[in-house]
Amino acid sequence: MSELILIRHGETEWSRSGQYAGRTDLPMTDTGVAAAKALAPALARRHLVAVLSSPLSRAMRTAELAGLTGVQPDPDLMEWDYGGYEGMTETQIREARPGWHLWRDGVVPGAAGYPGEQLHQVAARTDAVLDRIRPLLNDGDVALVAHGHLQRVLTARWLGLDPSAGRLFCHPRPGTLSLLGTEHEQPVISAWNIP
């Protein structure tokens, strides 16, 4: 049975500190580089018919270090645009907006280049990716190298759930794999957060 392999990019300074990194193109830490390299043996055993990646360097570099070839950049796999919350931690956001929760309250517009995205916009991008890759899964596995919140939305949509159900999945750790598949022709999570 073919699976959709979700790969979260390796650690960056902002993922380590808990800062929201949507569109800011950050390099990986040494820990992130090591985690990306450690994914190579598990991925080498797979029959991959396609590999798509967020065009941000942390994702593209993760794909390269994990030994993936033929990687196609896909702008629909970019992380949620956090707008005015880009670079902030949840604590900082809640100081200005007590009780704030991303999945319920969304984001505010930011400076030029960071207009912000609402959940339904992120879901529309993940739906487009799923529409493109579902036919490919008839021939083998597909790997997507992307970001934590985007993967949670994509997983909710894979399962046929409202995009807000992404809040129910723990945030994938940097440099991990998650597997989406089917069982009795129904979409399932086969594995989550595998280092």
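Brief remarks follow.
- Label point distance in nm, M1-R132, each placed 7 Å from Cα along Cα→Cβ: 2.6 nm
- Karplus 3J(HN,Hα) series, Hz, for the stretch 8-23 with 6.51 cos²θ - 1.76 cosθ + 1.60 (x for Gly, Pro): 7, 4, x, 4, 10, 4, 6, 5, 5, 8, x, 7, 6, 10, x, 9
- Only helices reaching 18 angstrom along their own axis (Cα) with mean Kyte-Doolittle hydropathy no lower than -0.5 count here, and for the DSSP H runs of the chain these are 119-133.
- Proximity of backbone amide H atoms, modeled 1.01 Å from N, is registered between G175 and R8, H9, G10, E11 at under 5 Å, excluding neighbours fewer than 5 places apart on the same chain.
- Helix content alone sets the calculated 222 nm mean residue ellipticity of the chain: runs of n ≥ 4 DSSP H residues at -39500 (n - 2.57) each, divided across all residues, give -9000 deg cm²/dmol.
- Peptides 81-88, 3-10, 182-189, 117-124 ordered by average Cβ neighbours within 10 Å, highest first: 3-10, 81-88, 117-124, 182-189
- Tail beyond 23 Å, pair distance distribution of the chain (Cα, percent): 39 percent
- Full extension of the chain segment joining A112 with E64 gains 14.2 nm, where the gain is 0.36 nm per residue of separation less the Cα-Cα distance.
- Beta bridges per DSSP with both ends in the stretch 4-194, % antiparallel, nearest 5: 50 percent
- Amide proton proximity set for G116, modelled H, under 5 Å, gap of 5+: G83, G110
- Long-range amide H partners of S190 with built H, under 5 Å: L179, L180, G181
- Euclidean distance between Cα centres, the stretch 92-150 to the stretch 6-70, Å: 17 Å
No value in this document is a laboratory result; all are computed from the given coordinates. This is a predicted model, so every value here is computed, not measured. As a convention, Cβ positions derive from the backbone with ideal geometry for all residues, glycine included, and neighbour counts pool all protein chains shown.
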